[in-house]
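Every number in this text was worked out from the coordinates using simple rules, so none of it is lab data. Because the structure is predicted, anything quoted here is derived from the model rather than measured. Quick reminder, even Gly has a Cβ in these numbers, built from the backbone with ideal geometry, and neighbours come from all protein chains shown.
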Amino acid sequence: MCNIACKWYKKFQHCMAESPYLNISFGLEILHAIGDFHIKGHVKDCYPQYSLRFIEGAGLINGKIMETLWSMLNDVSQST
């Protein structure tokens, strides 16, 4: 199983370098990770490398809170 973060990160640097509109500040370090909800479906090597549990300061999130809120947000969207 491959998460969007896996696919996105592989080409991120290239896309940024090729973009006439986007750039990365010199010295900026970008870490990518896979949320706890999805990492359990990846190969075992992904867990120690990309789990939020091993990134200092990342905190524990599942990365899917918006998806769990959609049912409630659908009702609210009619008022806009």
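The ranking of Ile24, Ile39 by Cβ neighbour count inside 10 Å, starting from the fewest, reads Ile24, Ile39. In this label model, Gln13 and Glu29 are separated by 1.5 nm, measuring between points 7 Å along each Cα→Cβ vector.
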